[in-house]
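Below is one structure, written out as structure tokens; the observations come after it.
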Amino acid sequence: MNELAIHGGRSVRDGRPWPAWPRFDAGTEDAVLEVLRARRWTLSWPGAGEVARERLFAEAFADFHDVPRAIALDHGSTALTVAMELLDIGPGDEVIVPAVTWVATASAVLRVGALPILADVDRDTGCLDPSAVSERLSSATRAIICVHLACTAADLAALIEVAGKAGVPLIEDTAQAHGGIWRGRRLGTWGSLGTFSFQSGKVLAAGEGGAVLLHDDAQWERAQQLRADSRSYAESGSGRMELVESGDVIGANRTMTEFAAAILLDRLPLLDAEHVEREGQASAIELGLADGGVPVVAVPVPEGMTQRSIYEYALQYGPGAFAGVDNTTIAAALTAELERPVYPPDAPLFKNVLFRPETLRRYGSIWTPARRMRSFMGNFFGAQEYAQRTLLFHHSALLGSEQDASDVVTAMAKVHRAASSGQLVAV
Ligand SMILES: *Cc1c(COP(=O)(O)O)cnc(C)c1O
């Protein structure tokens, strides 16, 4: 029983299944079938006079956030691109991004022809460190993108101040934080623009999808054209396209499909209840760890945060807590005990194999050796420390039973005990 599963012992989970993700119910099935049968699978195809679900979802998403407008898109990566196109960012410009994030945050900057400038992150939250941002500002800086990582939020109070002083817009990459609430407002509403992804793993999932929150109608008109080959909404009518060919700004085809919009319209009203569900499980785990004397805690949230959005649940420990055993080994031992992936954070972008601009000729003029050096300049001690003592797992683990939460605590305690008594060594 005490032998670690990674060494051939019996696992804590012992074959019990975990909750399935993405979630859907009969209502979701009906919603998707309705789209299928109506044969109007996208905004850019005539309907029977009904308003496109793409448009209805954008309205619902704006309402959910209490902002005037939103635009629905095909991916979260596109949302970042469109956000930067809205701000007219392009060649010669610099955009500050956190050193720790999903690679899309930085590759979107390259896609608009600008240079991503990495800034270090807070060692506890993994989110953009405002003082590192100050150090990386230059006369070429055109935007700051912060990421609300895993299950916490960036230090918005300080970042809004830094961005304001520099006169540079703040973009909130909210792909991992749908519905999170800080100081009474949802994440994604604080910056000049807030971007979202609805890729399958996210807490609001549609297979693929994205959105940008907008604050005025001029932005909205421009965003429509940027995402539908320069077309904007027309009035819906039977057998007619719900788009007019306006052409004030060149766009691309980045429209969300009607299938994705139907799923999102069905699932959005359940998001807050699912947050409560995950929070219950997370609290049980945090209490269990504290009661059991296991020196592992959840990553902190900024003061004023009243609803976490748990995309990846992030647990953290102090130096030496596992007798010096490295984080990768601890993650592997927990993965074996829990029979589901537990993993360290993504490698910082400067050593992430997914971030390789030099492999595409198009980026040759942006990603020169000198600019690459400029992008990767500085120290990244925060990123390093965050990676060394943080453990993540997917939020779907928090959508099940009390047994699930208790298994997480038991596994953590078991691995901690083994490490402390020298029975866990680096793999
Ligand atoms: C998932 C994610 C994205 C990209 O979204 P896609 O829909 O996969 O393109 C961008 N930023 C962050 C922080 C993400 O987690």
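Each reported figure results from applying straightforward, stated rules to the coordinates on display, with no laboratory input. Because the structure is predicted, anything quoted here is derived from the model rather than measured. With ideal geometry, Cβ positions are generated from the backbone for all residues, glycine too; neighbour counts draw on all protein chains shown.
Residue check: is residue 166 in contact with a Ser or Thr (Cβ under 9 Å, 6 or more places away or on another chain) and within 12 Å of the ligand (Cβ to nearest atom)?
no
In the list 125, 195, 189, 105, which residue meets the criterion of being in contact (Cβ under 8 Å) with a residue 24 or more places away in the chain and surrounded by fewer than 22 Cβ atoms within 10 Å (Cβ to Cβ)?
189
Do we find a residue being more than 26 Å from the chain's Cα centre (by Cα), over 30 Å from residue 33 (Cβ atoms) and free of Cβ contacts under 8 Å to residues at least 24 places away in the same chain anywhere in the range 218-226?
yes
Only one residue in 153, 157 is touching a residue at least 60 places away in the same chain (Cβ under 8 Å) and in a helix (DSSP H, G or I), so which one is that?
157
Looking at 192, 197, 236, which one is within 16 Å of the ligand (Cβ to nearest atom) and among the polar types (S, T, N, Q)?
Within the list 192, 197, 236, the selection yields 197.
Across the range 327-337, what is the number of residues that are farther than 14 Å from residue 416 by Cβ and more than 24 Å from the chain's Cα centre (by Cα)?
Counting residues in the range 327-337 that are farther than 14 Å from residue 416 by Cβ and more than 24 Å from the chain's Cα centre (by Cα) gives 1.
Any residue at all in the range 170-180 that is outside any helix (DSSP H, G or I), away from the ligand (no atom under 11 Å from the Cβ), polar (S, T, N, Q) and without any contact (Cβ under 8 Å) to a residue 60 or more places away in the chain?
no
In the range 309-331, what residues are within 16 Å of residue 280 (Cα to Cα) and more than 16 Å from the ligand (Cβ to nearest atom)?
315
So that you can scan it fast, the table gives a plain yes or no per residue for (1) among the hydroxyl-bearing types (Ser, Thr, Tyr); (2) touching a Leu at 6+ places or on another chain (Cβ under 8 Å); (3) loosely packed, with under 15 Cβ neighbours inside 10 Å:
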{"position": "232", "(1), (2), (3)": "yes, yes, no"}
{"position": "237", "(1), (2), (3)": "no, no, yes"}
{"position": "242", "(1), (2), (3)": "no, yes, no"}
{"position": "254", "(1), (2), (3)": "no, yes, no"}
{"position": "264", "(1), (2), (3)": "no, yes, no"}
{"position": "287", "(1), (2), (3)": "no, no, yes"}
